[in-house]
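K.L.:
Below is a structure I'd like to ask you about.
The values are calculated or read from the model by the stated rules, or taken from the named source; none is laboratory data. None of these values were measured; they are calculated from a predicted model. Note: ideal-geometry Cβ built from the backbone for every residue, glycine included; neighbour counts use all protein chains shown.
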């Protein structure tokens, strides 16, 4: 049977069962795990604050220290073929610099400082800073970055076993399935499909592990619709939305499987 206790009557799928079975053996001591199969809490871009930049090594280490189930990160490709961990396609918002990530090289990134003084990390630095059993959700922002992520994942079965790949682009997820079929994939959506039937059919035909929506778009009927088809539900808080206990309680009650949140401590207090 399906292992999340959001509510009864959920159809199982091998991918979903395998994911939560692995979780049960590795994350049961996390302070975010009120019980087995409870909603998993992922830190959105690490744990940023007034003094810590999003997606920085410092934010990632804070998330690990806090004891979250996982961390969501964004991947772009640099001009010289490096996997860069940052959300935006350029540096304007995060560093006051109009240059695009795709125009820059390793030498450039060594000199760049974010708004709060931290550097922009590369994928290798991040994976080295996040020990098992903490999971990593890699959102592919730049299609060219997928090849770099796949190359990294192929070096370690252990890393693959605690990784997810997410994207708004179907072709990215299909390419990921062909390259690393053992890594679960999350299809991100900006809104609920007008016709859920065809969308669900695509999820099932392509082995999609979960569908993601902004946290304010979920309700119990939408969660149930996915779970009846063997697809998990992922909610993310838009940046820089403040986490609230009310939202945390709501997402738990309707059966969300993974919540990607900006202030994970708020979710721990409602566990």
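K.L.:
Out of the strands (runs of 3 or more DSSP E) lying entirely within the range 7-111, which hold 3 or more residues that are touching a helix residue (DSSP H, G or I) at 6+ places or on another chain (Cβ under 8 Å) and either modelled with pLDDT under 95 or under 21 Å from residue 210 (Cβ atoms) (or both)?
P.N.:
40-44, 70-77
K.L.:
Just one of the numbered conditions (1) closer than 23 Å to residue 59 by Cα; (2) over 13 Å from the mean Cα position of the chain (by Cα); (3) surrounded by 21 or more Cβ atoms within 10 Å (Cβ to Cβ) is not true of residue 258; which one?
P.N.:
Result: residue 258 fails condition (2) only.
K.L.:
Taking the range 192-217 only, how many residues are in contact with a helix residue (DSSP H, G or I) (Cβ under 7 Å, 6 or more places away or on another chain) and surrounded by fewer than 20 Cβ atoms within 10 Å (Cβ to Cβ)?
P.N.:
Number satisfying all stated conditions: 5.
K.L.:
Among the candidates 47, 126, which residue alone is in contact with a strand residue (DSSP E or B) (Cβ under 7 Å, 6 or more places away or on another chain) and on the phi < 0 side of the Ramachandran plot?
P.N.:
126
K.L.:
How many residues does the range 218-230 hold that are in a helix (DSSP H, G or I), in contact with a helix residue (DSSP H, G or I) (Cβ under 8 Å, 6 or more places away or on another chain) and touching a residue at least 60 places away in the same chain (Cβ under 8 Å)?
P.N.:
Matching residues across the range 218-230 total 2.
K.L.:
Can residue 162 be described as surrounded by 20 or more Cβ atoms within 10 Å (Cβ to Cβ) and at pLDDT 95 or above?
P.N.:
It is true that residue 162 is surrounded by 20 or more Cβ atoms within 10 Å (Cβ to Cβ) and at pLDDT 95 or above.
K.L.:
May I pose another question? If a residue has to be under 24 Å from residue 194 (Cα atoms) and surrounded by 21 or more Cβ atoms within 10 Å (Cβ to Cβ) to count, how many in the range 238-254 make the cut?
P.N.:
Within the range 238-254, residues that are under 24 Å from residue 194 (Cα atoms) and surrounded by 21 or more Cβ atoms within 10 Å (Cβ to Cβ) number 1.
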